[in-house]
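Take a look at the structure set out below.
What follows draws every value from the coordinates through simple rules; no lab data is involved. Worth saying up front: this structure is predicted, and the values here are computed from it rather than measured. Backbone-built Cβ (ideal geometry, glycine too); neighbour counts: all protein chains shown.
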Amino acid sequence: MINKTVDMFDDDSEPINRLPKDGKVHYYGPVMSSSNANNHFKGLLEGIEWKNDVAVMYGKKIVTQRKVAWYGDEPYRYTYSNHTKTALPWSEALLTLKAIVEKSTQEIFNSCLLNLYHNGSEGVAWHSDDEKELQRGAAIASLSLGAERKFSFKHKQSKDTISLYLQPGSLLVMTGDTQRYWQHCLPPTKKVHAARINLTFRRMNIEIKSHSI
Ligand SMILES: [Mn+2]
């Protein structure tokens, strides 16, 4: 554990902003007990409809080792890396986790993208969550379960880099201009041999939802 809890909150008992400029990243630390985090991790491993992710790199379609799933209030359609997904309806477990995240952040979310990283060899390259389906500037709340992993931000112009470690059961929230000015990544590492599940709660634009179901 890198950060002492006493240093994490300012006078309003809000977590401090981890970015020096052009956006806000608040790290809340764990928002549930470690046994709850562990139970949710095991439950999601079994209960989520995990699918291999498909990405297009250098014009080639590749299947990633990392698995993903997409849930929401409505069958929203979401496109990234030239691949479209339709949101599945919330499970009870996901609604429980959504309620915890909404209570901690005082924000409302209508969808959740889940990622399963089987071990440290799997990660995500530098990117911003700036897809057109997402409400611009809306909070994106990232709940981590399972193995602790390093998470990094890089400013698009200055290349300033900020890293932090995401503990099991912890919450990280990105708001404001963060996606516009910063990229983030989950760097692969040889040090981690266990799996991590990440849930990113988001706000989709309602008008883009699919009406087919
Ligand atoms: Mn992202």
Report, largest value first, the span of the C-alpha coordinates of the range 25-137 along each principal axis, in whole Å.
43, 32, 28
Using only alpha carbon positions, build the gyration tensor of the range 59-213, then give the equivalent ellipsoid semi-axes as the square roots of 5 times its eigenvalues, largest first, whole angstrom.
23, 18, 17
Using the Cβ atoms and a cut-off under 14 Å, what net charge is assigned to the surroundings of A99, where Lys and Arg are +1 and Asp and Glu are -1?
-2
Of the peptides 88-99, 104-115, how do they stack up when ordered by the mean number of other Cβ atoms within 10 Å, highest first?
104-115, 88-99
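Would you mind ranking W50, W126 by Cβ crowding within 10 Å, fewest neighbours first?
By the 10 Å Cβ count, ascending: W126, W50.
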